[in-house]
Structures are given as structure tokens and as C-alpha cells.
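The values are calculated or read from the model by the stated rules, or taken from the named source; none is laboratory data. Quick caveat: nothing in here was measured; it's all calculated off a predicted structure. Cβ sites come from the backbone with ideal geometry, for glycine too, and all protein chains shown count toward neighbours. Keep in mind that these areas ignore ligands, DNA and RNA; they rest on the heavy atoms of the full protein, side chains included. Shrake-Rupley method; radii C 1.70, N 1.55, O 1.52, S 1.80 Å.
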Amino acid sequence: MRPIRLEVEGFTSFREKQSIDFSGLDLFAITGPTGSGKSSLIDALVFALYGQVPRVGDDYKQLISHGAERLNVLLEFEVGRSRLRYRVARTARPAGASKQRLERVEGAEAQPLADKAREIRSHIEQILGLDYDGFTRAVVLPQGQFDEFLKGEPKERRKILVSLLNLGIYDAVQRLANQKNADARKETAFIAEQLERDFADATRETLEERGGELAKAEEEVAALEKTQAALGEGLTLARKLRTARQEIDGQARDAAQEEEKRKAAEDMLARGDETRAALEGELEARAGQIDRLGLDLEWQRTLLTAKPQAEQLASLRAQLERLAEARAEKQSFLEAGQTALVAAESAVPAAEGAQREAEAELQAAREEREETHRRHAAAALRRELTVGEPCPVCEQTVPAVPKADALALDQAEARVTRAQKAARAATAAAETARLDLQKAQAGAAGLRRELAQVEEQAGQLTSSGAELANDLRAAGFGGDDVADAPRLLEEIQSELKTLDAAQRAKIDLEAKRRTIEEKLSGLQAELAAAAARRDGAIARLEEISARREAASAIVEQIEPALGDLATREGWDPLERRDAGGDEVDTLEARRSARQQESNALATRVGALRGEVERLGRKIVRATELREKKTRLDAEAALLKTLSDHLRANELVAWIQEEALRRLAADGSHHLALLSQGRYALRLGSGETAGAGARAEQDFFVVDHWNADGIRSVRTLSGGETFLASLALALALAESLARLSAGGRAAEALESLFLDEGFGTLDGETLDTVVSALDALHGGQRVVGVVTHVRELAERLPARLEVRRSGGSTATAVIV
């Protein structure tokens, strides 16, 4: 597992959102002051994967930054050589359920895998090959738990090895072998039962017997097919014979019908000549009646044109009489209006003069009232003056107060009121006089216009009447007639009525003449059709006679040929027509009987062929099943042997022991370098069996500086324990992949994170540790060291510095 990108927000020291890109980091230090949040980055990585951290377990709500609404963690990581990429994100709030999701990332697309905590943990364990405990002992060595793999219980170490080495695959192989063995034995039992139940008749003897029956049935089918062919040939001849006989009978019926048609046509031709002569005589009589009517159509058209003109002329003269009466009335009204106009014109100047006199009196009254008010104001001021005091107007000392006169304010106001009333009355009288003048002027002008219109209409009607009179005279009517338009109109209407009656009589006679002509035309067509039917009947009688002769020749030819065929095939004599049927009926009955026999034989042949083919297939299938049973018996025996070998778990135990021995040997190499040759690691104390089985599965150190003394790793000091744990972690990352089933250890240990413990090392040991870590990552692993030791951080190729920003939140910067 290689981390690619980590995002944290609201997580312990990281209150604000932080994004750390691990893609360019291989060997690096996570450094910063104590309490800055270095270990929180490792906690965030573990929390993203497993939903818990070593410091607080699954009580992750303690990790929410103080005052933050929630914590968010997102980790994007890759696994294995194929670099499969995944993204896991978790959100937690102080109250309420958490949210999480796991996705597989392919380019720009993300495929959801799980969104429930239990499902995500199961996927993560399957992807990484480690559960939470194994991950925090082999990949992330947290602060305060660095030495758990070194000093922990043997069963915990073995559990981690089972995950790292994928030893569970051997249990899966055993279970699979048992399952396949059971399946094979079950299938062999089923095959044996199937052979006994379904393939008992699958023998060569049964197959040969069915083959003989099939050959005999096929011979019978061939004989029936030959008989059916002869019957088919006879039916062909019989049908031709039937057709010829039917043709002879049909032609006899057709000849009788055509003879009847010929006689009927000749009778109709004889009657048609008499009918035509009668119609021609009636047509000539109608033509004479039409000529005797003597209708003058030209004079009728003239009268029709003159009628609306005479009607219009009579109407115009009535309108002229009414206009003359209206003109006299308008003239009388105009004369009365002129008299009223003269009176109104003389009244206006007098009313306007009275209005001016009233307005002058009003102005004089107002001026007198103003003068009276001024005198009254002086008198009021005089009452406020005191001799020897300043004047309120001019501010000079008042030498003496003058005497006041009696004022007449009420009289001045009364005069103004009387003047205003007189002025309003004069103004209204002048306005009324002017309105009366305007009305008189408008009335006179309107009467003059109406009189002019009446005279204009009279002139137009007189002109139109003259034109109509001229048109009537031009049409042939006399001057006296035109002068009396109503009488002329009555004469025109009387003559038109007489002409209309004559025209209707003519139309009736012409309609009767057309009816007679149509009857004549129809009669001619019927006579022509009758002649054609007579000629056609004669021609068809000749054709029918020729066809009867041809059909008789066919009958004379086929009857002997059909008799020869019946003799050759050995048939019974064929029935004649006088027996209620003919040769076709007899041959069809015989062929139908043979067809039923043929169908029955064909069904039997088909059944026998199917039986032969089925027996052949069953013999082949039975052979295949026996061969498969033999193969499955051998396979089941082999699977049982494999399961017996795996059942004792000896192979798994041996691999675990070998892995621990290799870890001890490789760890000794690293510990010797880190301790300057003083210490080596070994598995077990090397004492007698009485020391206990657990002692042989614990780690011990060999102290080369103390006579190669062997003692438990639990006796080491804090710094020595750190070196021994680091040596074992380096060996775990380097060597374990060689024993892993399927290479799962290599994928799980692609990263290693070490949290603290370096503060007890001197400078020389730090150089050794850096060299060991550099050799460990080798460009293939991510190795991160959490430390506050500046000397160690500066010795590594890259640093991820964690800093406090204003005391409220931490930031991580790659240096």
C-alpha cells in the first residue's frame, strides 16, 4: 500500500483543510515541534483505512478539532505492481452517525465499492492483506506501540504472519480439495445410477435388431411409392377425360342458350321498326305547334329593359313633388330666422355697454374700500402711541398723539357688495345676448344650407328624369306615354305577362320534343344492340360446334389409354359415369387408401430411424460416462490425499517457524549495524525444553559485549528496545515477501511509518539508521519517520514539516 494523497479537516491539530501529496515522497521525515500534530497525520491515515486509531480506538469522535462541526479524512492509495488505485473517505460529527465511502479509481472515473463501515473494513482487509492489528504492528508503528511485534504475544505475531504471508490460502486449498473430492464422489455415484437407469438398452444387439426392421419397412415404402406413381399417371388421364366430357356437356348447354338469344334479338328488331315510325310522327306534330306560337323575343327583351326605367321615372317624379313642398317650408323658416337675427344683433351692444358701466362702478367701490382700510389702520396705530415713547414704526420719540376721525368701514363694504352683484348681472346679460346672437346666426346659416341642398337634389332628380325619358323614347315609346310614367309602367307589365305565358308554352313544347328525340335515340341504340346480339349469337354457335368436336376427339383418345393402364397395373375395372361416378373418383379413392398405408409406413420408418439414432447416441454417451467415471474416481483419490496432507497444518506451522527464523536472522544483521556489533537477535533462548514452549517462540538478544549472554528482549533499555524493534521492522519489510503465498506480503509492506523513538540515539547511530532506511526503501517503498529530532530529519532526503499557524490550526509543508 502506497499513499498518494491525504486530505484532513477538523482532525485534532488540523482544524482547517490540509492536503498532503505523497506521490513524490519515498524516504522522508514528518517533523515539527512537540504537540504540533506530527502523529496526527499517521492517525489520519490509519483512521481513513480502518475507522479507528491506536490512541483512542474506535472512539474517534475525540479526534474532532475543538469547536469544529465535523472531521473529514480522505486517503487515496495504490496497491501492488499493477498500481490499482483506491480512495477512502470518512466524515464524523460530534453527534449523529458517521459517513464513509470506498471507491476504486480508474482514470477520471470512480467506481463505488462500499459505503458502510463494516463493508469498507472487510474490503480494506482484503485489499491490503492485513487487519487493523496487523497493520499497526507491521506497517504503521505508532508512538508508544513501536515494540509490540518484538515483545508481543507469540500468537499475535503468528496471526500477523498469517495475514502478511497469506497463509490462509492453505486452509482455503484444503477446503477446496475436500469440496472437489465430495463433488467428484457425488458425480461418480450419479453416473453409475444413470448408466443403470437410462442406458440399460444401449447394446449392439438391440441396435442390429432395430436396423433390420428399418430395412424391411423402407422396402415396403419403395413399393408403395411405385404404386402411387402409377395412380398419379392414371389420375392425370382420368382428369383430362372428365374435363373433355364436361366440355361436351357444357357446350350443349351454351348452344341452347345462344339459340334463345338469337331468336329474342330478331323479335326485338321487328317490333322496333313500328315504334320508331310512331315516334317520328309525334315529333313532327310538336314542331308545328311551336311554329304557330309566333313569340317576339326581341320586343320581350325591350320591355324587360324598359320596365325598371319606367319604375325609376315614376319614383323620381314623386320625389320632385315632395322636394317642392320641402323647399317652400324651408323658405318660410329662413325668413323667420332672419328677423330674429336682426333683433339679436341690436341687443348685444346695449348689454355690453351696461356691463362696462357696472365694472367701472365696482372698481370705484373697491378703491374707496382700500382708502377706508388705510385710515382705519392709522387710527389703530394711534391708540398704541404714547407721548415721549418711541414710535413702533419709525422708532422716533412721539411728541404728541393726533386725534382720530370716525370711520365708515361698513358703508364701504356694502357699496362693494352692491357693485359686485350689479357687475355679475350685467356680465350674465351680455353673455346671454352674445349666445342668442350666435344661435340666431347658426340657425340662419343652417336653414340656408338645407334650402341649398333641397334645390340641389331637385336639380339632380330633374336631370335624371330627363335622361330616363330620353332612353324610353329611344326604345320606341311615344312622348305622351313617357309623360305619364305610371300608365306607361302598367302597359309594359301587361305586355310582359302575355309574352311570359307564350314563352312558358314554348318551353313545354320544346321539352316534349326533346323527350321524343331522346326516345328515338334510345330506340336506335337498342335496335343496334339487338342486331349485335343476334350476330354474336350466330358466331358463338359456330364456335361451340367446333369445341364440341374437339372434346369428342379427346374422349375417343383417352378412354383406350386409360383402359390399357388399368390392365397393365392389374386394377379392377374402373367405374363408368352411369354408375354414379367416373374414373377420377375411383382412382382418387384408391390413391387415398394407398396414401394412408404410405403415411403409416413413413411414421414407422421415422420411428425406427429415430430409435436407431437414439441407440447409437446412447451407446456413445454410455461410453463417455464410463470413461468420465473412471477419471473422476482417480481425481477424487488424488484430492483426498491432498486434503489429508493439509489437514495437520504442518506446512503452515513450518512456514511460520521459517518466517520467524528468517526475521530473527535478518533482524540480527540490522541490529548488529545499529548497535555497533553489540547485539544480535535470535528466536528462542536455546535452553532445554523445560523452559517452556513459549520461550522458544519469543525473541531474545545475544549480547556480544557481555560474553555472548542471551537474555529476553524485555530486559533492553528504551533506546535498545527501539533499535531492536527498528531492526525487526526493517527485516519484516525486506525479507518476508520471499515466503508469502501469492506475494501479499510485498503488497502489504510497500510502506513503513515509524513514530518517534529516535531521541535516544547518538549522531553515529542516527547515520546508521538513515543508511538502513535508505537501503530499505530502495526506490520501491515509502518510508516515513515521525520525529522531532532535527538532526535525523535533516539527514533524510525530504521533510514534511508540521507547523502551528497562530496557535489555532496546524499546516503540513513538504520541504
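Past 20 Å, Cα to Cα, is the threshold; run LYS155/LYS180; LYS186/LYS628; LYS38/LYS151; LYS17/LYS116 against it and keep the listed order. Please list the in-between numbers first.
On the way: LYS155/LYS180 32 Å; LYS186/LYS628 13 Å; LYS38/LYS151 25 Å; LYS17/LYS116 24 Å.
Flagged as over cut-off: LYS155/LYS180; LYS38/LYS151; LYS17/LYS116.
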Inverse of mean 1/r across different Cα pairs in the stretch 319-459, Kirkwood, Å: 20.9 Å
Evaluated at q = 0.11 Å⁻¹: base-10 log I(q)/I(0), Debye formula over Cα of the stretch 506-634: -0.80
For the stretch 209-262, accessible area per residue (1.4 Å probe, heavy atoms of protein chains only), Å²: 58 Å²
Solvent-accessible surface (1.4 angstrom probe) belonging to TRP571, in square angstrom, nearest 10: 50 Å²
Of the heavy-atom accessible surface of the chain (probe 1.4 angstrom), what whole percent is carbon and sulfur? 50 percent
Of the options MET268, ALA244, GLN257, report the single residue whose Cα projects farthest towards the positive end of the charge dipole of the stretch 236-284 (beta-carbon charges: Lys, Arg +1; Asp, Glu -1). ALA244
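Tell me what the chain gives for mean residue ellipticity at 222 nm when only DSSP H runs of n ≥ 4 count, each as -39,500 (n - 2.57), the sum divided by the residue total, rounded to 500 deg cm²/dmol.
Details: 17 runs with 545 residues, N = 815.
My calculation for the chain gives -24500 deg cm²/dmol from helical runs alone.
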Say the dipole of the chain comes from +1 at the beta carbon of Lys and Arg and -1 at that of Asp and Glu; which of CYS394, SER805, ALA326 then lies farthest toward its positive end? SER805
Solvent-accessible area of THR567, probe 1.4 Å, all protein chains present, reported in Å² to the nearest ten, please. 110 Å²
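With only Lys, Arg, Asp and Glu charged, each at its Cβ (+1 for the first two, -1 for the last two), find how big the charge dipole of the stretch 590-647 is about the Cα centre; round to the nearest 20 debye.
On the way: 15 positive and 8 negative charges, 88 e Å.
With only Lys, Arg, Asp and Glu charged at Cβ, the dipole is about 420 debye.
Please give me, ordered by residue number, the GluC sites (Glu not before Pro) of the stretch 18-99 that lie in loop per DSSP and have at most 11 other Cβ atoms within 10 Å. Write out the running numbers ahead of the final one.
Working: sites: GLU69, GLU76, GLU78; in loops: GLU69.
Here the GluC sites (Glu not before Pro) that fit, given the DSSP loop and packing criteria, are GLU69.
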Of the options LEU674, SER494, ALA452, report the single residue whose Cα projects farthest towards the positive end of the charge dipole of the chain (beta-carbon charges: Lys, Arg +1; Asp, Glu -1). LEU674
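Calculate the dipole size of the chain relative to its Cα centre from +1 charges on Lys and Arg beta carbons and -1 charges on Asp and Glu beta carbons; express the result in debye to the nearest 20. Spell out each step's value before the answer.
Numbers: 116 positive and 139 negative charges, 815 e Å.
With only Lys, Arg, Asp and Glu charged at Cβ, the dipole is about 3920 debye.
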Kindly sort GLU213, GLU109 by accessible area of their heavy atoms, largest first, with the probe set to 1.4 Å. GLU109, GLU213
What whole-number volume per residue, in cubic angstrom, does the convex hull of the C-alpha atoms of the chain give? 632 Å³
For ILE4, residues with placed amide H under 5 Å, excluding near neighbours: GLU76, PHE77, GLU78
So what does ILE558 come to for accessible area, using a 1.4 Å probe and Å² rounded to 10? 10 Å²
